[in-house]
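*Asks:* Here it is, the structure, as structure tokens.
Please treat every number below as a calculation from the coordinates, not as lab data. Predicted model only: the values in this text are computed from it and were never measured. Cβ sites come from the backbone with ideal geometry, for glycine too, and all protein chains shown count toward neighbours.
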Amino acid sequence: MSEYIIECRGVKKWYGEFQALKGIDFAVKKGEVIVILGPSGSGKSTFIRTINRLEEHQAGDIFVNGVELNNDVRNIAEIRKEIGMVFQQFNLFPHLTVMDNITLAPIWVRKWDKPTAERKAMELLERVKIPEQAYKYPGQLSGGQQQRVAIARALAMEPEIMLFDEPTSALDPEMIKEVLDVMIDLAKTGMTIIAVTHEMGFAKTVADRIVFFDYGLIVEENTPDKFFTDPKHDRTKLFLSQILH
Amino acid sequence: MTTATDVTTTYEAPPRTEVGVLGWLKHNLFGSWFDTILTFVSLGLLYVILVPSVRWAVTKANWRAITTNILILIHGPYPQTQDYRVFIAIGIIVAMGIASVFIYRGKSTRSRQVMTLIWAISPFFIWYLLAGFEGSTILPLVEYSKWGGLLLSFILAIFGILASFPIGVLLALGRQSNMPIIKWMSTLYIEVVRGVPFITVLFMAQVMLPLILPPDVRVAGMFRAMVATALFSAAYLAENVRGGLQAIPKGQYEAADALGLSTFQQMYFIVLPQALRTVIPPIVGQFIGLFKDTSLVAIVGLLDFLKVSQSILSQAGFLGAQKEVYLFAALVYFVFSFAMSSASIRLEKQLGVGQR
Ligand SMILES: Nc1ncnc2c1ncn2[C@@H]1O[C@H](COP(=O)(O)OP(=O)(O)OP(=O)(O)O)[C@@H](O)[C@H]1O
Ligand SMILES: [Mg+2]
């Protein structure tokens, strides 16, 4: 088996006539923390969503854990089991309690029994520091709390990989830190993470690699040190000058 | 300077005109000059309409038209020697209703499951109680053509509701499906049925059902009407449900997909519960309409509640009792429709529609 947990070769994606991904070559080792940066519309979300088949790629190959992502629904199911995803808009299920949000997939997809799933859910809620909210509904929580529930919900499936798509962009400034802290802890436990985020603190402290997207291509990738201090590409320099003032 | 405790522990009572009877009157009836005028106009209208009606109802009206025919109104030509079965059935349903109020509010999951099971099997049980068995002396067969009155109206409405629900949900999902054939078939069905009057569907069921079924199977008119009601209602239900489905944000589907839920699980646990919740009001409205529309089955020869009510008018003693009979019939339809409507409001509150 390959040394990579995720391998993408020449991944291309069109929305109608518009080409959003123009051939992405990209590989991640187990335990790596990758931060994806890039201007708006550069294809960051599209790319990470192809990894768990929320978007279908139309050319190129994607392998997750050695399983090829193709039209075979068994492969898709297999791959989705191993990938947790956290969205910008949380996407919690508003009609279910926090506990039910977290235990639904472990019970029905992983086929755990209910007590086991609930025990695991409580552990995770402790880890994201909101055990006292277990029996509330998402609508009763703050944005930061909701996003931490969303992280717990994804972790409950015991995935090998976590995808984050701008997890703090919909949050008020005072809530960003509580979510970032959880993400940083997670990175330190050795979880494989791919995160689209503009939180430079996160990128600098825990990222192993920064990947820079523009116009549907990876323009540059490097360690955070080199990426921030010595960007090679003009577009990278421009982007950095804009976000770092 | 006040300390923090002062701020949280002391409070002022609201002004007297804001609370109690005075407050209520002010807010609800005399909030402004315009409100005040509306209040008085409404009171005047109520007086003009209600007072003579009530006076007629208690002094002039001949309610014997109703009281002597009450059994006919309840069950039509169902044989009177057997009609205790109808009342046992009503008794069972009332008892289940009362038991449910306590059990579903209670804590025990076990008894709730048992109650749900009882509800699930009760229709079959009640059906055989009413229909009886060939050759039985205890529960002799009562032909379906003898089922009438409120009993028939209820059976049509309840069956219509129960059967149209799953069909309607499937049609709504079908119309949203990615598979073209399923999508077209569902759309075609929905649009065709919604494009014709209920009476047409009733006649079609009378004519078509015998064509589809094997020739030696004879279906009672009541069954044909039941099928027609369910199939007709399903098309409207599908459109209501579709409205609910469209209100579900894309993110809900994506979250369910990302967690690895199957399409069925995604529908069952995530999409339908939310979609159905948002469309409780229109669905209940539709079911109220269905209940009232059962009065149309008289056209294909069935003796529903309205039809037997009218039949009273041809009895020698009650030739001129139109007012009493129609007022009573209207009242009965109203009471049950209103009950459904209030039940739905209660259900909405319980499920927290509108609050996210
Ligand atoms: N469903 C869609 N249909 C058509 N075009 C789309 C769709 N989703 C995305 N696009 C287009 O694809 C391009 C890439 O979008 P994507 O969401 O991946 O960008 P992004 O890098 O995540 O940007 P942002 O930082 O704003 O989230 C954009 O030009 C966008 O308009
Ligand atoms: Mg994006």
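*Asks:* For segment A:215-226, which positions are within 16 Å of ligand 2 (Cβ to nearest atom) and either buried (at least 19 other Cβ atoms within 10 Å of the Cβ) or β-branched (V, I, T) (or both)?
*Replies:* A:G216, A:I218
*Asks:* Here's something else I'd like to know. Within segment A:145-166, can you find the residues that are within 13 Å of A:V86 (Cβ to Cβ) and part of a helix (DSSP H, G or I)?
*Replies:* Of everything in segment A:145-166, those that are within 13 Å of A:V86 (Cβ to Cβ) and part of a helix (DSSP H, G or I) turn out to be A:Q146, A:Q147, A:R148, A:V149, A:A150, A:I151, A:A152, A:R153, A:A154, A:L155.
*Asks:* How about segment A:73-101: which of its residues are aromatic (F, W, Y) and away from ligand 2 (no atom under 16 Å from the Cβ)?
*Replies:* Once the filter is applied, which keeps residues that are aromatic (F, W, Y) and away from ligand 2 (no atom under 16 Å from the Cβ), segment A:73-101 yields only A:F93.
*Asks:* Could I ask something else about it? Would you check if B:Q252 is more than 30 Å from B:F223 (Cβ to Cβ), of a type in the set (S, T, N, Q) and either in contact with an Asp or Glu (Cβ under 7 Å, 6 or more places away or on another chain) or away from every other protein chain (no Cβ under 14 Å) (or both)?
*Replies:* no
*Asks:* Does B:T294 satisfy the condition of being hydroxyl-bearing (S, T, Y), over 30 Å from A:L96 (Cα atoms) and surrounded by fewer than 17 Cβ atoms within 10 Å (Cβ to Cβ)?
*Replies:* No: the conditions fail for B:T294.
*Asks:* Need at least 3 residues that are crowded, with 19+ Cβ neighbours inside 10 Å and touching a Ser or Thr at 6+ places or on another chain (Cβ under 8 Å) per element, so show me which helices (runs of 4 or more DSSP H) inside segment B:134-232 make the cut, counting only ones lying wholly within it.
*Replies:* B:149-176
*Asks:* So, of the residues in segment A:202-214 that are touching a helix residue (DSSP H, G or I) at 6+ places or on another chain (Cβ under 7 Å) and away from ligand 2 (no atom under 14 Å from the Cβ), which turns out to be farthest from the other protein chains (Cβ to nearest Cβ)?
*Replies:* So, considering only residues that are touching a helix residue (DSSP H, G or I) at 6+ places or on another chain (Cβ under 7 Å) and away from ligand 2 (no atom under 14 Å from the Cβ), the one farthest from the other protein chains (Cβ to nearest Cβ) is A:K204.
*Asks:* Are any residues in segment A:20-64 in a loop (DSSP other than H, G, I, E, B), away from ligand 1 (no atom under 11 Å from the Cβ) and within 14 Å of chain B (Cβ to nearest Cβ), and if so, which ones?
*Replies:* Hits for segment A:20-64 are A:N52, A:R53, A:E56.
*Asks:* Of (1) of a type outside the set (V, I, T); (2) within 14 Å of chain A (Cβ to nearest Cβ); (3) over 21 Å from B:I167 (Cβ atoms), B:G244 satisfies all except one. Which?
*Replies:* Condition not satisfied by B:G244: (3).
*Asks:* Considering each residue of segment A:160-198, count those that are more than 16 Å from ligand 1 (Cβ to nearest atom), away from every other protein chain (no Cβ under 14 Å) and among the aliphatic types (A, V, I, L, M), and give that number.
*Replies:* The total comes to 11.
*Asks:* Hey, does segment B:280-294 have a residue that's within 14 Å of another protein chain (Cβ to nearest Cβ), in contact with a Leu (Cβ under 9 Å, 6 or more places away or on another chain) and aliphatic (A, V, I, L, M)?
*Replies:* Looking for residues that are within 14 Å of another protein chain (Cβ to nearest Cβ), in contact with a Leu (Cβ under 9 Å, 6 or more places away or on another chain) and aliphatic (A, V, I, L, M), one finds at least one in segment B:280-294, hence yes.
*Asks:* Go through A:P106, A:P138 for me and flag whichever is within 10 Å of chain B (Cβ to nearest Cβ) and either surrounded by fewer than 16 Cβ atoms within 10 Å (Cβ to Cβ) or closer than 18 Å to B:F264 by Cα (or both).
*Replies:* A:P106
*Asks:* OK, next. Every residue in segment A:88-108 that is within 13 Å of A:R153 (Cα to Cα) and outside any helix (DSSP H, G or I), please.
*Replies:* Scanning segment A:88-108 gives A:F90, A:N91, A:L92, A:F93, A:L96, A:T97.
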